[in-house]
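Notes follow the structure.
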Amino acid sequence: MKRKTLFIAALVGLGSIANAQTTQMTNDEGLIVTPEAGDWAIGINASPLLNYVGNAFNSSTTNNLGSNFNSGNKAIYGKYFTDENTAYRASIRLMTASSKTNAQIDTNTLNSAPSYVTNTAKYSGGAIVIGFGIEKRKGHNKLQGFYGAELNFTLGGTTPKTEYTYEVPLTDNNITNNSYNVAFSDDPNIANSALNGRVLKSKEGATIGFGVRGFIGAEYFFAPKVSVAAEYGWGLGYTTTGAGETTSEYFGLDGNSATSPTNYEVVTTTGKSSSFRIDTDNLGGAIRLMFHF
């Protein structure tokens, strides 16, 4: 009878230990610290904020929180916990960008008063980045490890379309004036154009990318349902870019006018490209600040 009692007590003890392994951690006030089933979580890249705080203590004169937040991991990141150790995670980035550059060009000689013309370049583009995965975690204290896999899809680019506007028309009187045509020295489309022609617009081919990634990381809960996390990944990706095209304006004989020069346009195309890679990553050095609800 005594042995039977000890056996039952041992089973009860083992059951208590098993339950303790899945019980949520609470703080001294009784608040749950770690995630539980049904929790949602959102995350941001904490690296810019940490850099800002660190520079504040070392009297950095170049501290700029606003500009720092323009770099790093820019996707909106979230999780949904189906139980204490399993979460679905997703990320999305929707980006559009446009900019304009005005180039003022002095068309007179050095011995004459300046006479400026303005040429304009407009850039536009956008991208969509979507990721979806599943995450498992190990650990029941404030420090937890996690691992899992995810898929990623990318469509678009940063500046796939550029349009150029010139104040001075392209005629026989100015085709030899490099200032009229090469307005943007940092733009290879303009800098490499012929003196008797200039680029009007260029468009990159559509870029599509797919990727699959495994990851492993650690997360520390320094407050109830608030944590910092970092992770490393290993995966493969494939990217393909379609054919692009460039429209240039010329003045001269276009092949259809045999006797007198005229303005005409020529459209050239670029070839398609693709790439495949396998590599490790650390999300660009991002340290995520996570909030669970």
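The values are calculated or read from the model by the stated rules, or taken from the named source; none is laboratory data. Not measured: the values here are computed from a predicted model. No Cβ is skipped: glycine too gets one built from the backbone with ideal geometry, and neighbour counts run over all protein chains shown.
Being surrounded by fewer than 12 Cβ atoms within 10 Å (Cβ to Cβ), more than 16 Å from the chain's Cα centre (by Cα) and charged (D, E, K, R), is that true of even one residue in the range 125-136? Scanning the range 125-136 turns up no residue that is surrounded by fewer than 12 Cβ atoms within 10 Å (Cβ to Cβ), more than 16 Å from the chain's Cα centre (by Cα) and charged (D, E, K, R). Within the bounds of the range 94-112, is there any residue that is at pLDDT 70 or above, surrounded by 13 or more Cβ atoms within 10 Å (Cβ to Cβ), within 30 Å of I216 (Cβ to Cβ) and under 23 Å from the mean Cα position of the chain (by Cα)? Looking for residues that are at pLDDT 70 or above, surrounded by 13 or more Cβ atoms within 10 Å (Cβ to Cβ), within 30 Å of I216 (Cβ to Cβ) and under 23 Å from the mean Cα position of the chain (by Cα), one finds at least one in the range 94-112, hence yes.
Looking at Y238, Y264, just one residue is under 30 Å from R137 (Cα atoms), touching a strand residue (DSSP E or B) at 6+ places or on another chain (Cβ under 9 Å) and hydroxyl-bearing (S, T, Y), and that residue is Y238. The residues on offer are E204, E231, E265, and the sole one that is among the charged types (D, E, K, R), surrounded by 13 or more Cβ atoms within 10 Å (Cβ to Cβ) and modelled with pLDDT under 90 is E204. Selection of the range 274-293 for residues being under 14 Å from S91 (Cβ atoms) and either part of a strand (DSSP E or B) or without any contact (Cβ under 8 Å) to a residue 60 or more places away in the chain (or both) yields D281, R288, M290. Please enumerate the residues belonging to the range 268-286 that are in contact with a Ser or Thr (Cβ under 8 Å, 6 or more places away or on another chain), surrounded by 14 or more Cβ atoms within 10 Å (Cβ to Cβ) and modelled with pLDDT under 85. Answer for the range 268-286, where residues must be in contact with a Ser or Thr (Cβ under 8 Å, 6 or more places away or on another chain), surrounded by 14 or more Cβ atoms within 10 Å (Cβ to Cβ) and modelled with pLDDT under 85: just A286.
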